[in-house]
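First up is the structure itself, then whatever we jot down about it.
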Amino acid sequence: MPQKIVKTATDQINAIRAFNRFYTARLGLLRKRHLDGRFSLTEARALFEIGSRPGVTATSLRSALGIDNGYLSRVIALHVRAGLVRAAASRADAREKLLTLTAAGRRAVAQLDAQSARQIDEMLAPLAADARADLASALESVHALLARAARPRPRIERFAQANRVALALLEEYYESIDVVKRDDARSVRRMMREPHTALWLAYVDGKPAGCVMLRPLPQRAAAGECKRLYVRPSARGCGVAAALMDALEDWARAEGLRWVYLDTMRTLTPAVALYTARSYQPCPRYNDNPQATMFMRKSLAQRSRATLR
């Protein structure tokens, strides 16, 4: 089928508006209750986001959903009263609440997922296999283009000494995953005086967003250890972790290191997925960290799969 070439800005705007009118009606997004169930679309989406990111803060949720604070507070309060969401005070920031689904909330999300999958399957049923593949590919392209345009780019700075901002981020990191073996300010500053040691801070919209450290690993030849990779909840989804790891690995190569090691916990699935995408491979235990359940390393001779894409 020949495709119309959209040239002018007005044509582009009109094409997107026409598609918006089509899909909002086609998916039933204008109805009072999403999927003809008990929740509005916003209420259902909030449950889905909390289920996808247990421990998410209201600030991060508001950023993901793009709604005002008052409306989101009412939605969260509704779910808490219904016994679907549990809100616990954050030890890193007493002003924030960490949101997780209760067992009833998980059941509600599973039901929503099943209803949504059935709706989409019915919509795709009349299409031939190649048409379904074309549709999915086109939507992936739309998603990637709009997400890239909306995402603020992180700014990365390397420091030879730990400053007040870095120490505050490290403390947030310790609290976020309840780290047992913690480095106090004195030990961090002592660590920063070692060769092949550096610290990177990430900024998003001018605000501190995350950190990572590299320290030498004397028991391994030409190797360093990645430590304390942390991204603030409000900055997640902006590519901060990848940008920090890019900076760390590039600097390690320039320093003549051949390997980067790290430890993590298998339960930190987003972190494990990030490291795996960057070509880190499982390796034997190399330290006595009592909380670590997974050990990985990367040869700096190879570029990450994530970087090559």
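Summary table below
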item: Dipole magnitude of the stretch 31-150, debye to nearest 20 (Cβ charges: Lys/Arg +1, Asp/Glu -1, about Cα centre); result: 700 debye
item: Candidates per trypsin sites (Lys or Arg not before Pro) in the stretch 5-66, loop by DSSP, up to 11 other Cβ within 10 Å; result: 7, 32
item: Between the stretch 120-136 and the stretch 1-73, the Cα center-to-center distance that results, in Å; result: 21 Å
item: Student exercise, the stretch 155-308 dipole from Lys, Arg, Asp, Glu Cβ charges, in Debye to nearest 20; result: 260 debye
item: DSSP bridge pairs, the stretch 155-308: antiparallel proportion in percent, nearest 5; result: 90 percent
item: Trypsin sites (Lys or Arg not before Pro) within the stretch 87-183, DSSP loop, no more than 15 other Cβ atoms inside 10 Å; result: 91, 95, 181, 182
item: Span-like helix ranges in the chain, DSSP H, alpha carbon extent 24 angstrom or more, Kyte mean at least -1.0; result: 9-26, 103-124, 129-150
item: Size of electric dipole in the chain: Cβ of Lys, Arg +1 and of Asp, Glu -1, about Cα centre, debye, nearest 20; result: 220 debye
item: Of 181/207; 32/207; 97/207; 7/32, those spanning more than 30 Å from alpha-carbon to alpha-carbon; result: 32/207; 7/32
item: Relative contact order of the stretch 221-289, pairs being alpha-carbon contacts under 8 Å that are 6 or more residues apart, as %; result: 38 percent
item: CD proxy at 222 nm, helix term only [per DSSP H run n ≥ 4: -39500 (n - 2.57); per residue of the chain; nearest 500]; result: -15000 deg cm²/dmol
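Every number here is computed from the coordinates shown, using simple stated rules; none is lab data. Predicted, not measured: the structure shown is a model, and the values here were computed from it. Here Cβ is always computed from backbone atoms with ideal geometry, including for glycine, and neighbour counts include all displayed protein chains.
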